[in-house]
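The block underneath contains the structure these notes are about, expressed in C-alpha cells.
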Amino acid sequence: MNIELLTLSEIKEVFGKEGNFQVNVTRYPRYVDTEKCIACGICSEKCPKKVVDEYDEKLTKRKAIYVQYAQAVPLKYAIDEANCIYFKNGRCKACEKFCPSSAIKLNEEQKDFTVKVGSIILSTGCKAYDPGSHDIYGYGKSPNIVTSLEFERMLAASGPFGGHLVRPSDKKEPEKIAWLQCIGSRDVHLGARGYCSSVCCTYAIKEAMMAKEHSKEPLDAAIFYMDIRTHGKDFEKYYLRGRDKSGIRFVKTRISNIVPMDDTGKQLIRYIDGTGKRIEEEFDMVVLSVGLEARQEAIDLADKLDIKLNKYDFASTTSFEPMKTSRAGIYVCGAFESPKDIPSSVIDSSAAAGLAGSSLAESRWSLTKTKDIPTEIDTSHEPPRIGVFVCRCGTNIAGVVNVPSVVDFARTLPDVVYAEENLFTCSQDSQELMKEVIKEQRINRVIVAACSPKTHEEIFIENIVACGLNRYLFEMCNIRNQDSWVHSDMPEEATQKAMELVKMAVARGATLHSLQEKKISINQRALVIGGGVAGMNAALCLADQGFDIILIEKEKQLGGMAKNLISTIEGADVQAYLNDLIQKVNSHFRIQVLTQSLIVGFSGFKGNFTTEIIVGPGMYERKIDHGVAIMATGANEYRPEEFLYGRDKRVITQIELSEHLKKEGAEELAQVVMIQCVGSRNESNPNCSRVCCQSAIKNAIHIKKLKPEAEVYILYRDIRMYGLLEDYYREARKLGIIFFSYDQDDQPTVESSDKGIVVTFQDHVLGRKFRVCADLLVLSAGVVAEDTEEIASILKLDRNTEGFFMEAHVKLKPVDMAMEGIFVCGTAHGPKLISESISQALAAASRATTFLSRSSLTLSAVTACVDKDKCASCLICVRSCPYEVPRINKEGVSEIDEALCHGCGVCASECPAKAIQLNWYEDNQIMCKVDALLKGVL
Amino acid sequence: MIIADKKPIEEIIEEIKDYNKILILGCNECVTVCEAGGKKEEEILASALRMYFLNKGREVKIDEVTLERQCDHEYLEEIRDVVDQYDSIVSLACGVGVQFTAEQYHSTPIYPGVNTCFLGATEKRGLWTERCQACGQCVLARTGGICPISRCAKRILNGPCGGSTKGKCEINKEIDCAWQLIIDRLKALGRIDEYEKLFPLKDWSTDRAGGPRKVVREDLQI
C-alpha cells in the first residue's frame, strides 16, 4: 500500500537537490487497467498475434498481450504496442472483447507528470553481454552454441523444452557440453569488457551440475576457465561439490575459437591442456558464460541525473561510501554499481534504502497510508453460519468442473447458509459483492473454493476482516491447481473431487474459532555487538535515523581489524577514514559506546531483548533492554603455521607487509615472493577468503611503484580479482609482477638461508622446478572468524563450521538471522572487503529500522499452545523444535513463548502426550476434514 | 525411568482379535517419555486397530483413555465407572501398570501393549540405554558413578574380566567395558588407589535372588 509502482515509466528530468527532488516522469500506456486486470490470461489465450518471447531468450513465442513471466510484479497483462494487430491496422480488439473484467483500455495515452521525492535510488541493473559481436564464438552460426541465459531457460521446467535437456538443433539429448568462461569479460579487445563479471564461474558450475542431474545418460560437462572465481560465502564448497561429487571437468585454458561442424551439429574446440598437449574435442553443445554490462538506458539516465560513471559505465562510487553516487541524495544498488551476485545486490538494496531513509528520517510516517479496520464482531456464541464462494476462474475451473452443481452440493452441507459461484472470486467487484452477502446473511465462516491459497488467500482474508470477522474464520480449498488443471480430461470425476474438497473445507470451517493476535511493544533501542568498521557504520546509520544505540566492544578501543589496514586497493586512506568514523561514533549523542565489555546473558524475543554484560575494567554488570541486535563481531587475519611463519622473521603476512612498506618502504627489497591461499581453500578451511588476492596485488603494486626494479612473484591457485578489481590484476601484470600457479597437491616449499628465504615451486609451462631466493616471503593468510563460540551459545545463533554467523537465507535474506530481530554484518558474516562490510552494515541498520520504526508488533496467532495438565515434561518438544523455543518451566511443564514460536507445528505433531496444539490447525480441525471425506465410504 | 518398547501390532491383534469392545489405556509417565505408550501412541494404536477391524468387516468398539499413572490406585479409579463397557483392555503402561490395572479390575482381561525393557535413560531421541538393575544395594559410591551391575555383562565387582579388549566387552564390540569406564573415571577423579580395595561379597538377597521384593517404610505409613 505504501509502494507506488510506476511501470512502463521513464525519468525525463530531475530538478532540485537532496531532500527535495522534483522528478519529471513519462508513463507509457500499458493499455490494461491494473486495477481491473485479474491476470486470468483469457486475453492472451484469445490474442491472435504471436511474438518472439524475450524472456525465454527468443526460444519460444508469446502473444502481443502478455505478462513477461509467472512471477511478474505487478501480475497484470500489458499490450506490446509494436506487435499488436490493432495498433497496426485498427482491427482485432479480441482482448477487449473477451476480457471478463473490462480491463482493456486501447485508448490509453502516455502521461507526463511530476513526483516529489527526498531521495532517489538507482537499481537499474545490468544486461548480459551479446556474444554475437565476436564471430570467434560462432554464436548464431549453430543453434547448439547458446548463451548461459539461454541454457538457463532450457533447464527450467517452465522453459521452452519443459525442463528436458535437449540440443536445440535436433532435440537430441546431449552427451557432451562445454562451458566457456569469461565470454565478454576479462577481455580488453574491442567490444569486450576488461572487468570480471563476478557471477559467471558460480553460475556455470550450477548449470553444469543441474545439466548432469537432468541427463539420463552420464553427461560429460566441461568448464573451460582461466581462474575459477567462487569467492562468495561458501561458494568454494559448491565448486568442490561440482568437481568432486558431480564430476564436472575443469580445464584451465581460454578458448579463442569454436568451429561448428555442420554435418553433425557438434562443435570443435581446440586447446592446450595442462601438460602442454594440443587437444581437439567435439561437444554436442557449447554454453557461452556471458558476462554482465551496463545498460544503455542506465547510461542515458545517469546523464540526465548528472551522476558520474566510471570507465566501464557503472555508477562511480568510493571505497567508504559504496552506495553514494556523485550527486547527494542519489544512491545506487545492485549491478549498476558493478557486476555482482544476488546476495550482494540484496545487501546493497537494503543499504541504499537505509541511507535514503537516514536523510528522510525527520519526515518518517508523514506520507504513510494506513487501513481502517472495523471493530471485530464477537461470533463466539453464534452457531456456525457458513458461506461458500465457488470460483469459476474464467474457464480455468468452470471449463472442467461443473461449478453450478458444486454450488448446489455446497448448499446441502451442514451449517452452510449461503453458496454462490463467481466468475472470478478474486476480482474487485466479486469482493465487494462478497462483503454485502457476508453482512446480509450474517455469515460467520467463509469458505472460498478456488485456486491455491498462495495466490489470493490474503485478499480474501482482508475482505472478511473488512466485514468485522476474525481473520481465522476463513478456509480455502484448491479446486484449480489440485483439481481442474490436473484432471482436465476427466470432467465428471473432477466435479466429484471438487465437491469432496468443498465438503472437507466446510467441515473444517465449522470447527474454526476466533483467535486473538497478540500485540507487543517494541523497545526502540538497538544493541550493536562489535565496534569495527561494520559495527560503527551500522550504529551511525541507525543513530542518524533517530534510534538510541548501545555499541559494545570487547577491546579497549574501537576500530577492529581495520586498525591494521593502511589503504584500500583504490588508494583510500583507511586510518584517516577510521579515525573520522570513531570520532563520529564517540560524539554522536544517540550512541553509547561500552568498551571492554563481555556478553554474559541474553533473553527475550524480537522487539524486547535483554542482554546482560560485564563492563570492564571495573567489571560491573549491566542489563540492557533493546528491540534489535546487530552482530558485527568481525574476523581476523589467519596466523599461519606453515611456510616458516613465526620461525623466520623474513616470513610475514600481507597485513604485516603493508605496515612494513609504510614504515620502511621497499628500498632493501630485491626479490619478494607471495604465496596465496595460506589458511584458505584447504581441508581445515575449505572456503575462499575473498580478500587475499587483492591484498597481495595491492601490496605487489605498491612495491613496484616504490621500487620498479624489485622482482615480485605471486604463487597462486586461482587469482580472484572479481568485479572491477580485475583492472588491478591487469595493472600488476603490466608492471611486471610475475604470476605462477601452483596446485593444492604440489605446494611450494620454503627453506631458510643466510641470503634469504629459498622458495621452490613447479612451473607448469616449462614443466620444471623454479627456485627464488626472497628477501621477504609474504603469506596471503586467509580470514578467520572472531571467536564467537560463547556469544553464539548465549544468544543461540547459528554459525557455519568455519565460525561465521549464518544468515536467514543465503540469497534473499543476507543480513537477517534466523532469530527475528537479530541481524549480521561485516566479516562476522564472511570474509569481505571494507566497502562490502560497509554496505552490509548499512543494510543491517536498514533492516533493523523496519523493526524499530514501529511502536508495536502484531504476532501471528498461529502458534503452539501447551496443555499443562497433559504435559509429561518429556523434553521431546524441546529437542524437536527447529527454533529452540519450548522450555520446561519452573512448574515442570513445557512452555512455548508465543512471541518466539514460528507456528511450524513440529512440536504439536511430535508430543507423545498430545499436550500441544497448534492454533488454527488443532487436531479436530484437521481430522474433521478426513472424517468428512471418508464419511459414508467406510 | 522405566524404558519400554512398542509391541508389534500383529502380537496385539493376535491377543484381542476376538473381542468386541476394547479399551486402550495409555499412561502419562515413563512410557510417554520413551514414546511407547503415551496419548499419541495410544491414538495411533487405536487407529490401527480400527482399520484392522474395518478391513475384517467387524464392528468393534475401540475407545482410548490416558491415565496419569497406572501404578497408583487413585488414577486407576478414573476408569471405574466405564470399565464395564469393555470386554478387554490393552494397557500401554509398563509391566507394573498392566499388573496393577489387572489387580483393580478382576473381571476384564488385560493385555500388554508394550514390552517393558529396563531402567534406563534417553541418550538422545530414539536411543535409550540401561543404567540400573535395581539390585537393592547401590555400589556407585565406590565405582565412580558407573554401575558394574547393570553395565558389565558378568556383573562382576573387582575389575574387568579377561574378555575386556581395548575398552570393549567381549560379548559385543559396541558395548563399553564397564570396568574400563570405572578405571578411567577413578583415574580422572584422582581416586585410582580405591580401585585396589576389594569389594566384600555382595549380598544378592536384595536382588532378584531373594524372591519378590518390597520396600516397607513404617514412618510413612498412615
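A count restricted to segment A:368-405 and to residues that are among the hydroxyl-bearing types (Ser, Thr, Tyr), closer than 26 Å to residue A:512 by Cα and loosely packed, with under 13 Cβ neighbours inside 10 Å stands at 2. Would you tally the residues in segment A:810-834 being farther than 13 Å from residue A:532 by Cβ and basic (Lys, Arg)? Adding up the residues that qualify gives 2.
Only residues that are in contact with a Lys or Arg (Cβ under 9 Å, 6 or more places away or on another chain), hydrophobic (A, V, I, L, M, F, W, C) and within 26 Å of residue A:577 (Cα to Cα): list them for segment A:805-827, please. A:815, A:823 - these are the residues of segment A:805-827 that are in contact with a Lys or Arg (Cβ under 9 Å, 6 or more places away or on another chain), hydrophobic (A, V, I, L, M, F, W, C) and within 26 Å of residue A:577 (Cα to Cα). Name the residues in segment B:95-125 that are within 14 Å of chain A (Cβ to nearest Cβ) and hydrophobic (A, V, I, L, M, F, W, C), would you? Correct list: B:114, B:121. Filtering A:651, A:672, A:712 for residues that are β-branched (Val, Ile, Thr) and either in contact with a Lys or Arg (Cβ under 7 Å, 6 or more places away or on another chain) or modelled with pLDDT under 95 (or both) leaves a single hit, A:712. Of all residues in segment A:863-879, those that are over 10 Å from residue A:912 (Cβ atoms) and at the interface with chain B (Cβ under 9 Å from one of its Cβ atoms) have Cβ atoms under 9 Å from Cβ atoms of residues that are outside any loop (DSSP other than H, G, I, E, B) and among the basic types (Lys, Arg), 6 or more apart or on another chain, in A:870/B:39; A:879/B:124.
One line per residue, one yes/no per condition, for (1) at negative phi; (2) among the basic types (Lys, Arg); (3) within 29 Å of the chain's Cα centre (by Cα):
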residue: A:2; (1), (2), (3): yes, no, yes
residue: A:8; (1), (2), (3): no, no, yes
residue: A:21; (1), (2), (3): yes, no, no
residue: A:37; (1), (2), (3): yes, no, no
residue: A:46; (1), (2), (3): yes, yes, no
residue: A:65; (1), (2), (3): yes, no, no
residue: A:70; (1), (2), (3): yes, no, yes
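Here residue B:142 meets the list (1) buried (at least 18 other Cβ atoms within 10 Å of the Cβ); (2) in contact with a helix residue (DSSP H, G or I) (Cβ under 8 Å, 6 or more places away or on another chain); (3) of a type outside the set (Phe, Trp, Tyr) almost entirely, failing just condition (1).
Just checking, how many residues over segment A:690-728 are among the basic types (Lys, Arg), in contact with a Phe, Trp or Tyr (Cβ under 8 Å, 6 or more places away or on another chain) and part of a helix (DSSP H, G or I)?
The total comes to 1.
If you go through segment A:880-893 one residue at a time, how many are of a type in the set (Val, Ile, Thr), in a loop (DSSP other than H, G, I, E, B) and within 14 Å of another protein chain (Cβ to nearest Cβ)?
1
Close Cβ contacts (under 6 Å, 6 or more residues apart or on different chains) running from residues in segment A:909-928 that are within 14 Å of chain B (Cβ to nearest Cβ) to residues that are modelled with pLDDT of 95 or more and assigned to a strand (DSSP E or B) comprise A:915/A:866; A:916/A:864; A:916/A:866; A:917/A:865.
In the list B:48, B:4, which residue meets the criterion of being closer than 23 Å to residue B:126 by Cα, in contact (Cβ under 8 Å) with a residue 12 or more places away in the chain, more than 10 Å from every other protein chain (Cβ to nearest Cβ) and part of a helix (DSSP H, G or I)?
Just one listed residue meets the conditions, B:48.
So for segment A:354-377 (the condition being under 30 Å from residue A:725 (Cβ atoms), of a type in the set (A, V, I, L, M) and in contact (Cβ under 8 Å) with a residue 40 or more places away in the chain), does at least one residue qualify? Within segment A:354-377, one or more residues are under 30 Å from residue A:725 (Cβ atoms), of a type in the set (A, V, I, L, M) and in contact (Cβ under 8 Å) with a residue 40 or more places away in the chain.
For the residues B:42, B:10, B:77, the requirement of being under 30 Å from residue B:124 (Cα atoms), part of a helix (DSSP H, G or I) and more than 14 Å from chain A (Cβ to nearest Cβ) singles out B:10.
For residue B:128, the conditions (1) surrounded by 12 or more Cβ atoms within 10 Å (Cβ to Cβ); (2) of a type outside the set (S, T, N, Q); (3) more than 14 Å from chain A (Cβ to nearest Cβ) all hold with the exception of (3). Step by step: first the residues of segment A:836-860, then only those that are at pLDDT 95 or above and either among the charged types (D, E, K, R) or assigned to a loop (DSSP other than H, G, I, E, B) (or both), then the one that is farthest from residue A:323 (Cα to Cα). Which residue is that? Among those that are at pLDDT 95 or above and either among the charged types (D, E, K, R) or assigned to a loop (DSSP other than H, G, I, E, B) (or both), it is A:847.
Rundown of residues vs (1) under 22 Å from residue A:162 (Cβ atoms); (2) loosely packed, with under 15 Cβ neighbours inside 10 Å, yes/no style:
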position	(1), (2)
A:36	no, no
A:45	yes, yes
A:63	yes, no
A:76	no, no
A:85	no, no
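Is it the case that residue A:588 is surrounded by 19 or more Cβ atoms within 10 Å (Cβ to Cβ) and in contact with a Leu (Cβ under 9 Å, 6 or more places away or on another chain)? The answer is no for residue A:588.
Scanning segment B:13-39 for residues that are over 22 Å from residue B:78 (Cβ atoms) and within 14 Å of chain A (Cβ to nearest Cβ) returns B:34, B:35. For segment B:80-95, the set of residues classified as closer than 19 Å to residue B:15 by Cβ and in a helix (DSSP H, G or I) consists of B:83, B:95, listed by residue number. Among the residues of segment A:894-908, those identified as of a type in the set (A, V, I, L, M, F, W, C) and either within 12 Å of chain B (Cβ to nearest Cβ) or in contact (Cβ under 8 Å) with a residue 40 or more places away in the chain (or both) are A:899, A:900, A:907, A:908. Within segment B:15-27, being over 14 Å from the mean Cα position of the chain (by Cα) and not acidic (Asp, Glu) holds for B:16, B:17, B:19, B:20, B:21, B:22, B:23, B:24, B:25, B:26. Among the residues of segment A:436-458, those identified as surrounded by 14 or more Cβ atoms within 10 Å (Cβ to Cβ) and either in a helix (DSSP H, G or I) or of a type in the set (D, E, K, R) (or both) are A:437, A:438, A:445, A:453, A:455, A:456, A:457. Taking strands (runs of 3 or more DSSP E) as the structural unit, those lying wholly within segment A:761-800 and holding at least 1 residues that are more than 27 Å from residue A:561 (Cβ to Cβ) and touching a residue at least 60 places away in the same chain (Cβ under 8 Å) correspond to A:768-774.
The values are calculated or read from the model by the stated rules, or taken from the named source; none is laboratory data. Predicted, not measured: the structure shown is a model, and the values here were computed from it. FYI the Cβ positions are ideal-geometry reconstructions off the backbone, even for glycines, and counts take in every protein chain you see.
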